[in-house]
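Engineer: Right, I'll just put the structure down here and ask away after.
The values are calculated or read from the model by the stated rules, or taken from the named source; none is laboratory data. The shown structure was predicted, so the numbers you read here are calculated from the model rather than taken from an experiment. Methodologically, a virtual Cβ is constructed for each residue, glycine included, from the backbone with ideal geometry; neighbour enumeration extends over all protein chains shown.
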Amino acid sequence: MPKKRNFEFLEHMADAYIAAYGRNLAEAFENAAVAMFEVMTDIEKVNPEVEDYVEVDAADEYALLYNWLEELLVRSEVKGMLYSKFKVSELSRTANGFRLKAKIWGEKFSPERHPQKVGVKAITYHQMEINKKPDKTTVKFILDI
């Protein structure tokens, strides 16, 4: 049975416009990461065999979303990795803004096992939204592809 997706691709002329959902901001950020890697490949085929740790800081929640996705994209490019599982362990306000700490899991990219969809060039602030309600948070963002 296919896994329920907590994100959707929205209509956009040239780029990937994504809405990711969660019960809270941390879960919405996790699902945003899943969606970004789904743009690149079929993440159902990415085994979560290598664990890594990510920590990012930002002045506000929008910059935190941007920095989170950018850090994942850079790690993927530099290390030749694809990631499929994300667990935010801390998302907190600090004296200078916000901090996110997370564990991520994935494996080395293999062209035989991981179908290539489209490359993500960058994350953008254009049309970025964060909507928080008591039991549901939605983050929207555009990936430059």
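Engineer: Given the criterion touching a residue at least 24 places away in the same chain (Cβ under 8 Å) and part of a loop (DSSP other than H, G, I, E, B), identify the matching residue among V54, V118.
Structural biologist: Working: V54 fails: part of a loop (DSSP other than H, G, I, E, B).
Being touching a residue at least 24 places away in the same chain (Cβ under 8 Å) and part of a loop (DSSP other than H, G, I, E, B) holds for just one of V54, V118, which is V118.
Here's the yes/no breakdown for (1) out of contact with any Ser or Thr (no Cβ under 9 Å at 6 or more places or on another chain); (2) under 16 Å from A32 (Cα atoms):
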site: E49; (1), (2): yes, no
site: D60; (1), (2): yes, no
site: E70; (1), (2): yes, yes
site: L73; (1), (2): yes, yes
site: S76; (1), (2): yes, yes
site: K87; (1), (2): yes, yes
site: S92; (1), (2): yes, no
site: L100; (1), (2): no, yes
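Engineer: Quick check on this structure: which one of F29, F7 is touching an Asp or Glu at 6+ places or on another chain (Cβ under 8 Å), buried (at least 19 other Cβ atoms within 10 Å of the Cβ) and within 22 Å of I145 (Cα to Cα)? Spell out the reasoning first.
Structural biologist: Working: F29 fails: touching an Asp or Glu at 6+ places or on another chain (Cβ under 8 Å).
The conditions single out F7.
Engineer: Just one of (1) at pLDDT 95 or above; (2) surrounded by 14 or more Cβ atoms within 10 Å (Cβ to Cβ) trips up Y17, so point out which.
Structural biologist: Only one criterion is unmet by Y17, namely (1).
Engineer: Scan (1) at pLDDT 95 or above; (2) in contact with a strand residue (DSSP E or B) (Cβ under 6 Å, 6 or more places away or on another chain); (3) within 25 Å of E8 (Cβ to Cβ) for the single condition K45 breaks and write down its number.
Structural biologist: Of everything listed in (1) at pLDDT 95 or above; (2) in contact with a strand residue (DSSP E or B) (Cβ under 6 Å, 6 or more places away or on another chain); (3) within 25 Å of E8 (Cβ to Cβ), K45 misses just condition (2).
Engineer: Scan the range 123-142 for residues that are of a type in the set (A, V, I, L, M) and either modelled with pLDDT of 95 or more or in contact with a Leu (Cβ under 7 Å, 6 or more places away or on another chain) (or both) and jot them down.
Structural biologist: Looking only at the range 123-142, we keep the residues that are of a type in the set (A, V, I, L, M), and these are 123, 128, 130, 139, 142.
Within the range 123-142, I123, M128, I130, V139 meet the criteria.
Engineer: If you take the residues of the range 90-111 that are among the hydroxyl-bearing types (S, T, Y) and in contact with a Leu (Cβ under 9 Å, 6 or more places away or on another chain), which of them is surrounded by the fewest Cβ atoms within 10 Å (Cβ to Cβ)? If you could, list the steps in order and put the result at the bottom.
Structural biologist: Taking the range 90-111 and keeping what is among the hydroxyl-bearing types (S, T, Y), we get 92, 94, 110.
If we keep only those that are in contact with a Leu (Cβ under 9 Å, 6 or more places away or on another chain) too, we end up with 92, 110.
Working: S92: 9, S110: 12.
Across the range 90-111, the extreme among qualifying residues is S92.
Engineer: Take V74 and decide whether it is out of contact with any strand residue (DSSP E or B) (no Cβ under 8 Å at 6 or more places or on another chain) and under 19 Å from Q116 (Cα atoms). Quick ask: steps written out before the conclusion?
Structural biologist: Numbers: out of contact with any strand residue (DSSP E or B) (no Cβ under 8 Å at 6 or more places or on another chain): yes; under 19 Å from Q116 (Cα atoms): yes.
Taking the combined requirement at face value, the residue satisfies it.
Engineer: With respect to K85, determine if the residue is charged (D, E, K, R) and over 12 Å from the mean Cα position of the chain (by Cα). So that I can check it myself, show each step before the final result.
Structural biologist: On the way: charged (D, E, K, R): yes; over 12 Å from the mean Cα position of the chain (by Cα): no.
No: the conditions fail for K85.
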